[in-house]
Amino acid sequence: MNVYDSHRIAGILENRGMKEVARIDDADLVIFNTCHIREKAAEKLFSDLGRADLVKQARFLERKDTIIGVVGCVVQAEDEQVFRRSGAVDFALGPLAYHRLGKVLDDLLKNRDSLIIDTEFPPESKFDYLGANKAEGVCSYIAIQEGCDNFCTYCVVPYTRGVETSRPIDDVVKEARKLVADGALELNLLGQNVNSYHGEDNNGKERNLAYLLRELSEIDGLKRLRYTTSYPADVDDDLIACHRDLDILMPYLHLPIQSGSDKILKAMNRRHTKGQYMEVVEKLYKANPRIGFASDFIVGFPGEDDKDFQATLDVVDEVKFITAFSFKYSPRPGTPAAEYPNQISDKVKRERLKILQEKLFAYQTDFNRQTIGKTVPVLLENKGRHAGQLTGRTPWMQNLYVCADGGYLNKIVDVKVESATMNSLSGKIIGK
Ligand code: SAH
Ligand code: SF4
């Protein structure tokens with residue numbers, strides 16, 4: 001979501017006639033787009049700002065002005081603290097206000113001594129005020145839903161990104177058509193809980209994600225559809241049917257469970273038990289046996305004992321996730337769990353994360369190895385690190401390398417997989 005937002009912000013600046021530069025020393029304007037989900041992400045901002053401040057001062061000595069802005073969720077959470085924690089910052093915009101960037105820059109240029117902050121949740125949708133989204137190559141993102149009403153007890157998203165809103169069907173379809181006309185072959189629909197999508201159609205009727213996927217699957221020239229991230233309790237039968245019916249929908253689903261223990265899931269205020277999660281997984285397997293599951297895990301949530309942690313390890317053995325993101329629980333200011341009395345020590349969190357990751361990485365490596373000898377379709381989207389090498393993704397989001405000339409770039413090719421590690425595959429093109 002942040003990568004997508006950053007591209008949109010870059011688009012606003014390009015429309016003002018600005019150009020991207022390769023080095024921060026050459027930049028008249030520097031914008032940090034920030035994440036507040038875990039403490040580490042927020043801390044990184046302030047150390048980056050320290051470095052940017054040095055550049056700003058050096059440029060000042062050369063009589064060059066540098067405007068520094070911070071946008072995104074840290075601004076929403078820290079508000080004016082951002083200015084207090086770094087003297088380098090000229091403006092700060094929350095994640096729902098960045099479409100107002102043009103006006104902010106005009107105001108700043110009129111009065112270079114002002115500090116501007118906007119952390120409103122504006123009544124208008126930012127998407128109505130942004131120009132066209134440009135295809136970022138053959139794989140493009142479209143944000144279709146933002147915000148969250150779930151209030152998991154550990155999570156800042158409902159506070160930083162606001163209530164859940166969905167873009168209308170027609171807006172999304174129009175944007176998708178334009179991206180495909182510009183060369184996109186794969187579209188990835190984005191939302192904090194993308195499958196809670198409930199956008200209005202032209203008659204004002206609310207439609208679900210399955211409806212939208214079916215509409216998008218009709219677009220001529222579009223080859224692949226993905227969506228991320230999904231909330232387990234909101235996977236409905238219509239969506240499951242899409243995985244049975246739509247070839248264009250990739251057999252990969254990021255479906256975070258967080259923990260395998262019902263006690264912890266309850267304390268997290270997740271609206272699913274482990275059993276309900278497994279039911280969804282089984283129904284999806286039935287709809288499409290080729291589907292691979294990815295997940296997110298939090299270890300060391302307050303009150304998590306050895307038995308709870310074991311339940312998380314067990315669920316990994318049951319589902320055999322093909323990839324996963326796993327984190328130590330990070331207490332976030334203003335969230336209920338940060339106040340829970342039974343916090344877990346960092347040492348235990350670290351130990352549990354190590355054990356969990358060893359298991360997750362083993363399954364990921366296994367899955368990749370099982371691909372050896374098989375032929376898989378790969379969308380070659382980038383040049384590799386070495387000359388004559390191209391990289392792309394399999395339907396299961398695996399990174400794959402091939403030796404091929406640039407003529408194969410931006411194409412879907414059949415590749416026979418020859419070797420596999422935890423993080424990537426390599427193989428030979430055997431056909432287009
Ligand atoms: N809406 C998605 C997840 C969005 S946040 C869902 O509910 O599944 C992305 C991931 O960050 C979460 O899945 C969770 O694993 C992790 N996360 C969020 N808050 C966290 C915290 N306080 N500490 C550690 N990890 C956290
Ligand atoms: Fe955060 Fe996801 Fe829970 Fe919403 S559903 S509060 S985004 S973890």
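Data for the structure
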read-out: Pairs where the first residue, in segment 73-89, is farther than 18 Å from residue 108 by Cα and the second is in a helix (DSSP H, G or I) and not aliphatic (A, V, I, L, M), C-beta under 6 Å, 6+ apart; value: 73/160; 76/160; 77/160; 85/46
read-out: Selection from segment 32-62 of residues that are among the aromatic types (Phe, Trp, Tyr) and in contact with a helix residue (DSSP H, G or I) (Cβ under 7 Å, 6 or more places away or on another chain); value: 32, 46
read-out: Pick from segment 95-149, criterion surrounded by fewer than 18 Cβ atoms within 10 Å (Cβ to Cβ) and closer than 30 Å to residue 267 by Cα, ranking: nearest to ligand 2 (Cβ to nearest atom); value: 149
read-out: Members of segment 347-374 that are open to solvent by 70 Å² or more (accessible area, probe 1.4 Å) and over 23 Å from the mean Cα position of the chain (by Cα); value: 347, 350, 351, 354, 355, 358, 366, 369, 370, 372, 374
read-out: Yes/no for residue 407 being farther than 21 Å from residue 261 by Cα and open to solvent by 60 Å² or more (accessible area, probe 1.4 Å); value: no
read-out: Flag for residue 327 being under 30 Å from residue 423 (Cβ atoms), within 16 Å of ligand 2 (Cβ to nearest atom), open to solvent by 40 Å² or more (accessible area, probe 1.4 Å) and not β-branched (Val, Ile, Thr); value: yes
read-out: Those residues of segment 40-82 which are outside any loop (DSSP other than H, G, I, E, B), more than 27 Å from the chain's Cα centre (by Cα) and not small (Gly, Ala, Ser), in sequence order; value: 53, 54, 55, 56, 57, 59, 60, 61, 67
read-out: Every residue from segment 396-417 that is modelled with pLDDT of 95 or more and out of contact with any Leu (no Cβ under 9 Å at 6 or more places or on another chain); value: 396, 397, 414, 416
read-out: Filtered residues of segment 3-40 (kept if in contact with a Cys (Cβ under 8 Å, 6 or more places away or on another chain) and open to solvent by 70 Å² or more (accessible area, probe 1.4 Å)); value: none
read-out: Yes/no for residue 294 being of a type in the set (Gly, Ala, Ser), outside any helix (DSSP H, G or I) and touching a helix residue (DSSP H, G or I) at 6+ places or on another chain (Cβ under 9 Å); value: no
read-out: The listed residue being within 16 Å of ligand 2 (Cβ to nearest atom) and under 23 Å from residue 336 (Cβ atoms), out of 154, 197; value: 154
read-out: Of residues in segment 302-318 being open to solvent by less than 60 Å² (accessible area, probe 1.4 Å) and in a helix (DSSP H, G or I), the one farthest from residue 335 (Cα to Cα); value: 317
read-out: Members of segment 269-286 found to be in contact with a strand residue (DSSP E or B) (Cβ under 8 Å, 6 or more places away or on another chain) and in a helix (DSSP H, G or I), listed by number; value: 281, 284
read-out: Residue among 164, 146, 175, 136 that alone is in contact (Cβ under 8 Å) with a residue 12 or more places away in the chain and over 30 Å from residue 78 (Cβ atoms); value: 175
read-out: 2 or more residues within 19 Å of the chain's Cα centre (by Cα): qualifying helices (runs of 4 or more DSSP H) within segment 172-268; value: 209-217
read-out: Filtered residues of segment 185-207 (kept if in contact with a helix residue (DSSP H, G or I) (Cβ under 8 Å, 6 or more places away or on another chain) and farther than 24 Å from residue 235 by Cβ); value: 202
read-out: Given (1) farther than 16 Å from residue 264 by Cα; (2) touching a strand residue (DSSP E or B) at 6+ places or on another chain (Cβ under 7 Å), index of the condition residue 299 fails; value: (1)
read-out: One residue from 285, 227, 231, 197 being open to solvent by 60 Å² or more (accessible area, probe 1.4 Å) and not small (Gly, Ala, Ser); value: 285
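The values are calculated or read from the model by the stated rules, or taken from the named source; none is laboratory data. Quick caveat, the model's predicted, so the values are computed rather than measured. Neighbour counts are summed over all protein chains in view; Cβ atoms, including those assigned to glycine, are modelled from backbone coordinates with ideal geometry. For accessibility, only protein heavy atoms count, side chains too; no ligands or nucleic acids. Shrake-Rupley method; radii C 1.70, N 1.55, O 1.52, S 1.80 Å.
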